[in-house]
Amino acid sequence: MKKLLFSLLLSVPALLSAQTVSLSKERMDTLLMDKMFDTSMVGLMVWDLTADSLLYHFNERQLMRPASTMKLLTAIAACDQLGTNYQFTTRFLYTGKIEDHRLKGDIYCVGGMDPLFSDEDIEAVVKALRELGVDTFEGNIFADLSAKDDLKWGEGWCWDDDNPSLSPLLVERYEAFTDHLVEALLDDGVAFVNVGVGHWSCPEDAIPFCTRTHSINAVMKKMMKDSDNLYAESMFYQLAMADGNRPANADEAKDCQRRVMKKAGLNPDNYRLADGSGLSLYNYLSAEAEVKLLRYVWNNKPLYDQLLPSLPIAGIDGTLKSRMKETPAEGNVMAKTGTVTGVSSLAGYCTAPNGNRLCFAIINQGIMRAVTGRNFQDRVCILLTSGELPQAKVQPKPAAKKKTKRKR
């Protein structure tokens, strides 16, 4: 009798999982009957993490452009290989001597591709120089860009997009780093004598006087919550830099992504990796690949604890702030969004009605309007979190374009 009870207890998770499947499969099939799939494709996979079993799959191995859900791979690789204590670092050093409050030598700004570097950091650099007693500067201010290669764009980026600059030395997202430093020094009353600016690698015997850092989690939060492409590319190149590569390049960063894919049970040769943000038209992943990555994170608690707080929360914040409001998915779904022309995607975690934790990936491709894909994804998430089939949203027709007279 005890053996029978014990075997029944062991089977409870499996029974719950089976119940979830029976509740959701027919309804999920109904969602896939939407007319949008007459002209578009979807890759979809849902995994019950608690029961460690497949709940639903459709076209899950179809290779598709992931859009910004590519950031999941970059973030997971960063959590796995950089850890929670990693810092994005920008260093400031000088050569020459300080005599009678005059620095006669050169100042070097050594970039570490920190997207959070701001004018407040510039002010801290000026303060550090002032604390050395410097009120006059004679020499050059050099930007050291040797941390990465000199490519300012990613592989497969569209020339007419609003693409971020991939310089390792930015301030407030822009490349005019030395200009900001010069202006801040002058504003603080530092006198200049024959000062020049340019690019040059910092010599080994230079003396450090200021280091500015920002944490990996601060960068990851904006990268994921706001889907910031500059932050994602900065994280991408950190992977290569942390391996000791100077100058770092995209191929080395992709090697780091591939290592993590192997840990997740994937064969990287089956996919196409191009960048860290998902801007590239050359990225190709699948719903299955994204789910396996999310499962890998779930099974490694330190990674899960680091990644989860960075994900947008449905109806609450980030790129999901206005989605799934006043539904069972609100505050429940935590997932990364993705949008490029013709593609809309969503991948992350949620909790099912039976309390089981799920992960999922949805990639809509070939859609003319991103809202079409988002509405479908929202309905899937509401189904997963409630067990009930949500009503389809009536999409408003595009407003008629007003005729305007051309000025001659």
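Quick notes on this one:
- Over the range 286-371 - Rg/Rh using Cα atoms and the Kirkwood inverse-distance radius: 0.97
- Each Lys or Arg adds one and each Asp or Glu subtracts one; over the other residues with Cβ under 11 Å from the Cβ of Asp243, this totals 0.
- Counting only Cβ charges, +1 for Lys and Arg and -1 for Asp and Glu, the dipole size of the range 171-298 around its Cα centre is about 900 debye.
- Lys, Arg +1 and Asp, Glu -1 on Cβ, resulting dipole of the chain about Cα centre, debye, nearest 20: 2400
- Per-residue accessible area (protein heavy atoms, 1.4 Å probe) orders His180, His101, His199 as His199, His101, His180, starting from the largest.
- Fluctuation leader among Cys210, Cys256, Cys79 - the chain, Gaussian network, Cα springs under 10 angstrom: Cys210
- For Val260, the shell of other residues with beta-carbons less than 15 Å away shows a net charge of +2, using +1 for Lys and Arg and -1 for Asp and Glu.
- Leading residue at positive end of dipole, the chain (Cβ point charges), from Met241, Met368, Asn267: Met368
- Net charge of neighbours whose Cβ lies under 13 Å from the Cβ of Asp149, counting Lys and Arg as +1 and Asp and Glu as -1: -2
- Amide H contacts under 5 Å for Glu60: Leu44, restricted to partners 5 or more places along the chain or on a different chain, H placed in the peptide plane at 1.01 Å from N.
- Packing around the peptides 25-38, 112-125, taken as the average count of other Cβ atoms within 10 Å per residue, puts them in this order, highest first: 112-125, 25-38.
- Violating pairs (Cα-Cα greater than 32 angstrom) within the set Lys152/Lys336; Lys25/Lys254; Lys148/Lys262: Lys25/Lys254
- Highest mean first, the peptides 228-235, 379-386 sorted by other C-beta atoms within 10 Å per residue fall in the order 228-235, 379-386.
- Projecting the Cα atoms of Ser165, Asn140, Gln62 onto the charge dipole of the chain, computed from C-beta unit charges around the Cα centre, puts Gln62 farthest toward the positive end.
- Phi-derived couplings, Karplus 6.51 cos²θ - 1.76 cosθ + 1.60 at θ = phi - 60°, listed residue by residue for the range 191-201: 7, 9, 10, 6, 8, x, 10, x, 10, 6, 6 Hz, with x used for Gly and Pro.
- Förster radius 45 Å - calculated FRET efficiency between Ser322 and Ala176, Cβ distance, rounded to 0.05: 0.85
- When both bridge partners sit in the chain, DSSP labels roughly 75% of those beta bridges antiparallel.
- Kyte-Doolittle at least -1.0, axis length at least 27 Å by Cα - qualifying DSSP helices, the chain: 2-31
- Assigned charges on the beta-carbon of Lys, Arg, Asp, Glu; the range 61-137 dipole about Cα centre (debye): 500
- The chain: most fluctuating residue of Glu252, Glu60, Glu131 per GNM, C-alpha cutoff 10 Å: Glu131
- Beyond 30 Å in Cα-Cα separation lie the following of the pairs Lys71/Lys321; Lys222/Lys263; Lys104/Lys221: Lys104/Lys221.
- Mean residue ellipticity at 222 nm, helices only, the chain: -11000 deg cm²/dmol; runs of at least 4 DSSP H residues each add -39,500 (n - 2.57), and the sum is divided by the number of residues.
- Start at zero, step by 5 Å, and the Cα-Cα distances of the range 27-162 spread as 2, 6, 9, 12, 12, 11, 9, 8, 8, 6, 4, 4, 4, 3, 2, 0, 0 percent across the bins.
- Separation of the range 256-270 from the range 149-220 is 33 Å, based on Cα centroids.
- Under the Debye formula (equal points on every Cα, no solvent term), log10 I(q)/I(0) of the chain at q = 0.06 Å⁻¹: -0.32
The values are calculated or read from the model by the stated rules, or taken from the named source; none is laboratory data. Since the structure is predicted, the reported quantities are computational estimates derived from the model, not experimental observations. Note that we place each Cβ from the backbone using ideal geometry, even for glycine, and neighbour counts take in every protein chain shown. Quick note on the areas: whole protein, heavy atoms, side chains included, nothing else; ligands and nucleic acids left out. Shrake-Rupley method; radii C 1.70, N 1.55, O 1.52, S 1.80 Å.
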